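Reading through the structure tokens given below for one structure.
No lab work stands behind these numbers, since they all come straight from the coordinates. Note that the structure is predicted; figures quoted are calculated from it, not measured. Virtual Cβ from ideal backbone geometry, glycine too; neighbours counted across all protein chains shown.
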Amino acid sequence: MDFAFDARTEELRGKLLAFMDEFVYPAEAIAEEQRTRLASPWDTPAVVEDLKAEARRRGLWNLFLPDEEYGAGLTNLQYAPLAEITGRSPHLAPTALNCAAPDTGNMEVLAQFGDEQQKKQWLEPLLAGEIRSAFAMTEPEVASSDATNITTRIERDGDEYVITGRKWYISGAMNPDCKIFIVMGKTDPDGPDIRRQQSMVLVPRDTPGLEIRRAMQVYGYEDHYHGGHAEVVFDHARVPVSNLIGEEGGGFAIAQARLGPGRIHHCMRLIGMAERAIELMCKRAVARTAFGKPLAQQGVVQEWIADARVAVEQLRLLVLKTAWLMDTVGNKGAHTEIQAIKIATPRAVVDILDQAVQLHGAGGVSQDFPLAELWAAARTLRLADGPDEVHQRSLARRELKRYL
């Protein structure tokens, strides 16, 4: 395993670091100010569109897609250090580069499983950053950590599918630019194979019977820049049979294919969040005095900073190993490592951010620093894309299987 950055990665890192310093970090305060003057809190601040135009001009666009036909053609190992950099400003940078969830996963699904008409109608405008999208799988009435539990029905009626069900925490759905939903439901609820009961269909936002009921908060945050997280009701919403993605019964397999890259992308960005937390901790520690000496000379603060550095270096190596395995043996061959980083990274980064908040005192929980919002985002990732316990259960079973 050689994790040294190749020439192309170094070139893109240089461009991206400059873009972050010159445009993204200064835009954080501008976006907040502009958001207070928007007609709707879900509208996109003008500075975000400016960032997207500048990123595209600099060749920093669709970096996450390994398929050269649609994206930058980077390997996971090449993309990892770039995603880490965007994680330092997770509410602006991924969107600016058209590398933000849930659009990334939806573009991957359409590129891999969509037919030519679906790609033309929905993938092309997503790749161009002209529209946004949502992925509707999680439901409030069942334990959605087990995707076989979902109850939303997708019933065929002649040349149409009829969708009935209730979803929540559907990321991006509050954004008026969200024009298309990928909806997972059951087409064969009584089928003998519980992993062949589900299918995915494309449901345009303006479909009669699709209702955006309310915005869901995450630790009190509405996550405006990502288009919020909505409760969505499908009340006999009808779409053409041609809106099926792949084949009937293929929804579970498509979901697994979608979630693998998504999990590693989240972990890459989490490391960037941790790096920013360490930077803020160090700046605070040398600038503040308590009990007669700078915080930087307090033993407990030194321990926090040292432990944070060790944790980040360990996590980065595990994420890079996982990316390398995904490139060399595929997502299935990297299954153990994908689960390992999904367990370890959010947990460790939450702890680092918590200590950074503590070091900043009252400021740490305020809007004057990004730490509280970063903490909420990191803590949520212990649930998103499968909670810790599900991955622990699966990983343990794989380990134990060798001894049974």
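One decimal place: the segment Ile131-Leu400 gains 92.3 nm when fully extended, by the rule 0.36 nm per residue minus the C-alpha distance. Using the alpha carbon gyration tensor of the chain, what are the three equivalent-ellipsoid semi-axes (square root of 5 times each eigenvalue), largest first, in whole Å? Rounded to whole Å, the semi-axes are 35, 24, 21. Here the simple spin-label model places points 7 Å from the Cα toward Cβ, and for Glu69 and Glu33 these points are separated by 4.6 nm. Once each part is reduced to its C-alpha centroid, what is the distance from the stretch 375-389 to the stretch 248-269 in angstrom? The stretch 375-389 and the stretch 248-269 have Cα centres spaced 15 Å from each other. Under a model in which nothing but the beta-carbon of Lys, Arg (+1) and Asp, Glu (-1) is charged, the stretch 132-245 shows a dipole of about 160 debye around its Cα centre. Note on Ala7 and Ala306: the model spin-label points, each 7 Å out from Cα along the C-beta direction, lie 4.2 nm apart. Mind checking which aspartates and glutamates have their C-alpha under 17 Å from Lys342, skipping anything on the same chain fewer than 8 residues away? Here the aspartates and glutamates satisfying the reach criterion relative to Lys342 are Glu84, Asp146, Glu313, Asp351, Asp385, Asp388, Glu389, Glu399. For the stretch 177-279, the pair-distance distribution built from all alpha carbon pairs, in bins 10 Å wide starting at 0, is 13, 30, 36, 17, 5, 0 percent.
The eigenvalues of the Cα gyration tensor, multiplied by 5 and square-rooted, give the stretch 285-357 an equivalent ellipsoid with semi-axes of 36, 10, 7 Å from largest to smallest. The string of couplings for the stretch 114-125 from the Karplus curve (6.51, -1.76, 1.60, θ = phi - 60°) is x, 8, 4, 5, 5, 5, 5, 6, 10, 5, 4, x Hz, one whole number per residue in order, with x for Gly and Pro. Can you pull a Stokes-Einstein diffusion coefficient for the stretch 252-401 at 10 °C (1.306 mPa s), Rh from Kirkwood over Cα pairs, as a whole number of µm²/s? Translational diffusion coefficient: 97 µm²/s. Taking 7 Å steps out from each Cα toward its Cβ at Glu389 and Lys15 produces label points 4.5 nm apart. Straight-line cross-link partners of Lys179 among the lysines, defined as a Cα under 21 Å from its Cα and at least 8 positions apart when in the same chain: Lys52, Lys119, Lys120, Lys167. Candidate cross-link partners of Lys293 among the aspartates and glutamates, defined by an alpha-carbon separation under 17 Å and a same-chain spacing of 8 or more, comprise Glu303. Overall size of the stretch 7-114 from C-alpha positions, given as principal axis extents largest first: 40, 33, 21 Å.
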